[in-house]
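Chemist: Okay, here's the structure, questions in a sec.
The values are calculated or read from the model by the stated rules, or taken from the named source; none is laboratory data. Note that the coordinates shown come from a computational prediction; the quantities given were computed from them, not determined experimentally. Cβ coordinates were reconstructed from backbone atoms using ideal geometry, including for glycine residues, and neighbour counts include every protein chain displayed. Protein only, heavy atoms only, side chains kept; ligands, DNA and RNA dropped before computing areas. Shrake-Rupley method; radii C 1.70, N 1.55, O 1.52, S 1.80 Å.
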Amino acid sequence: MNTQRLILRHGQLSDASFILSLLNQPSFYRYIADKGIYTKQQAEDYLQKTFIDGHQQQGFGPYIVANKQGIAMGMVGLFQREALAVPDIGFAFLEHDIPKPPQYASFSWN
């Protein structure tokens, strides 16, 4: 799906290097958590479970947020958290890409 400035797309195993960078930046550790993803294989497993299986099994999950050139900038979507009875909205962006107004377009589905 597209907004005026961004592309929201399903995660793919080929996004492993991006996910590895995103989940291991200091701001992700500080504001979200250390997910224990330290290798490309672990990033692929995370993509499979969270992005691919999540959409197939639950009908929802996160999306990769990319700019119009197709370069991944972050992720946004619904996450089923063990501690919550209902899905939770979550997002994360590469530190060098925030805060900039285009990211906010990912929250508008038109």
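Chemist: For region 17-28, in order, what is each residue's ³J(HN,Hα) by Karplus, 6.51 cos²θ - 1.76 cosθ + 1.60 with θ = phi - 60°, in whole Hz (x at glycine and Pro)?
Modeler: 5, 4, 4, 4, 5, 4, 6, 10, 7, x, 5, 5
Chemist: Sticking with this one: Got a sec to turn the phi values of region 69-78 into Karplus ³J(HN,Hα) couplings, 6.51 cos²θ - 1.76 cosθ + 1.60 with θ = phi - 60°, whole Hz, x for Gly and Pro?
Modeler: For region 69-78, the Karplus-derived couplings read 7, x, 7, 5, 10, x, 9, 8, x, 9 Hz, x marking Gly and Pro.
Chemist: Evaluate the Kirkwood expression for the hydrodynamic radius of the chain, namely the inverse of the mean inverse distance over all pairs of different C-alpha atoms, and round to one decimal in Å.
Modeler: 14.2 Å
Chemist: For 55, 10, give the ranking by accessible area with the largest first, probe 1.4 Å.
Modeler: 10, 55
Chemist: So, one more: Once phi is turned into θ = phi - 60°, what whole-Hz ³J(HN,Hα) does the Karplus curve with 6.51, -1.76 and 1.60 give for every residue of region 85-90, x standing for Gly and Pro?
Modeler: Coupling constants for region 85-90: 7, 10, x, 10, 7, x Hz.
Chemist: Of the accessible area of the chain, with the probe set at 1.4 angstrom, what percent is carbon plus sulfur?
Modeler: Roughly 55 percent, rounded to a whole number.
Chemist: Another question, if that's okay. Go through 81-90, 35-44 and give me the packing order, highest mean Cβ count within 10 Å leading.
Modeler: Per-residue Cβ counts within 10 Å, averaged per peptide and sorted highest first, yield 35-44, 81-90.
Chemist: Taking amide hydrogens as modeled 1.01 Å from N in the peptide plane, which residues meet the under 5 Å criterion relative to residue 73, leaving out close sequence neighbours?
Modeler: Residues meeting the amide H criterion: 65, 66, 67.
Chemist: Please state the relative contact order of region 1-86 as a whole percent: Cα pairs under 8 Å, 6+ residues apart?
Modeler: 32 percent.
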